[in-house]
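Just below is one structure, and these are the notes that go with it.
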Amino acid sequence: MSTLKGARVEGARVVVTGANRGIGLGFVQEALARGAAKVYAGVRDPDDVTDELRATGADIVRLEVTSPDDIAAAAASCADANVLINNAGLHANTRLVMTDDPDAARREMEVNYFGPLMTTRAFAPVIAGNGGGSIVNVLSVAALAPTAFMGGYSPAKAAALYLGGIARAELEPMGISVTSLIVGSVDTRMAAHVDGKKEAPRDIAVAGLKAMERGEWTADTDKMAVESRARMAMDPVRYERGLGKLLFMSELSTKA
């Protein structure tokens, strides 16, 4: 296993995608609190930025992760970056096969897989040119097992998990570490319909930045992620069946 450590947050120049709210905003806040020299907050529309993000003082950058033009422009304007946090995500909240929105899975794949692939391709030369650094991909427990109630989101995140492993093999010789974060239920707009305990977005950022600095390949960021991995390891069939049952429970609660 590689001994390559990740970039230190203190003094880093950090790019965060999907920074307007939720986990992305948490990464912006935590990176600045830990002494990052600069944080570039990637958002889809710089004219529609939350007050919480503006209050951080981060540099706002237009960065729609499905737009090659936005990505190229961001890589050029953030030319001193040495850390990339691929956080932007999309959950269409529909079934994968029996869906009334057959294009949803394609959109989820575009944002959750092709988005980080394109940003990684664009920023890897930038980070290498600045002496090396780190890339962090914010994933989900849905990347570990087929998660029926998350439709096309689960296979997209699974693809992104493999992306992280392949990118790591390619980029470590260039001095770039790649860390994939396995995240459980978090108190964000995406999980507003989910019951039960949810982690604070900034706590995920704390765990993620620590994992990055240690150079971890994958890291479980919270209790749900740890427990999900354990259940998957002990009895993958039973765990997958349980996730399948949650599909129907989720749909019933939505209709109620």
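The values are calculated or read from the model by the stated rules, or taken from the named source; none is laboratory data. None of these values were measured; they are calculated from a predicted model. Ideal geometry is used to build each Cβ from the backbone, glycine not excepted, and the neighbour counts take in all protein chains shown. Just the protein is used for accessible areas: all its heavy atoms, side chains included, with ligands, DNA and RNA removed. Shrake-Rupley method; radii C 1.70, N 1.55, O 1.52, S 1.80 Å.
Annotation note: Cβ proximity below 9 Å between a residue of region 25-38 that is farther than 10 Å from residue 206 by Cα and a residue that is among the acidic types (Asp, Glu) and in a loop (DSSP other than H, G, I, E, B) (sequence gap 6+ or interchain) occurs for 35/10; 36/10; 37/10; 37/80; 38/80.
Filter region 34-49 down to the residues that are closer than 23 Å to residue 90 by Cα and open to solvent by 40 Å² or more (accessible area, probe 1.4 Å) and list them by number. Correct list: 44, 45, 47, 48. Here the condition is being of a type in the set (A, V, I, L, M, F, W, C), free of Cβ contacts under 8 Å to residues at least 40 places away in the same chain and either touching a helix residue (DSSP H, G or I) at 6+ places or on another chain (Cβ under 7 Å) or under 19 Å from residue 225 (Cβ atoms) (or both); of 75, 143, it holds for 143 alone.
Considering each residue of region 50-57 in turn, none proves to be open to solvent by 20 Å² or more (accessible area, probe 1.4 Å) and closer than 27 Å to residue 218 by Cα. Scanning region 117-144 for residues being surrounded by 24 or more Cβ atoms within 10 Å (Cβ to Cβ) and closer than 15 Å to residue 173 by Cα gives a total of 4.
For region 7-20, the criterion of being of a type in the set (Asp, Glu) and open to solvent by 60 Å² or more (accessible area, probe 1.4 Å) is met by at least one residue. Somewhere in region 42-65, is a residue β-branched (Val, Ile, Thr) and touching a Gly at 6+ places or on another chain (Cβ under 6 Å)? Yes, that holds for at least one residue. Among the residues of region 157-176, are any assigned to a strand (DSSP E or B), at pLDDT 95 or above and crowded, with 22+ Cβ neighbours inside 10 Å? Scanning region 157-176, I find at least one residue that is assigned to a strand (DSSP E or B), at pLDDT 95 or above and crowded, with 22+ Cβ neighbours inside 10 Å, so the answer is yes. Figure legend. Inter-residue proximity from region 52-64: first residues among the basic types (Lys, Arg), second residues open to solvent by less than 40 Å² (accessible area, probe 1.4 Å) and outside any loop (DSSP other than H, G, I, E, B), beta-carbon distance below 8 Å, spacing 6+ or different chains. Indicated pairs: 62/42; 62/43; 62/70; 62/74.
Of everything in region 187-230 that is of a type in the set (D, E, K, R) and at pLDDT below 90, the residue that is least open to solvent (accessible area, probe 1.4 Å) is 199.
Looking across region 81-116, the residues that are under 30 Å from residue 10 (Cβ atoms), open to solvent by less than 30 Å² (accessible area, probe 1.4 Å) and not in a helix (DSSP H, G or I) come down to 81, 82, 83, 84, 85, 86, 87, 88.
Name the residue that is nearest to residue 139 (Cα to Cα), counting only residues in region 21-30 that are in contact with a helix residue (DSSP H, G or I) (Cβ under 7 Å, 6 or more places away or on another chain) and open to solvent by less than 30 Å² (accessible area, probe 1.4 Å). Looking at the filtered set, the residue picked out is 23.
For the residues 19, 36, the requirement of being more than 20 Å from residue 162 (Cβ to Cβ), at pLDDT 95 or above, under 13 Å from the mean Cα position of the chain (by Cα) and in a loop (DSSP other than H, G, I, E, B) singles out 19.
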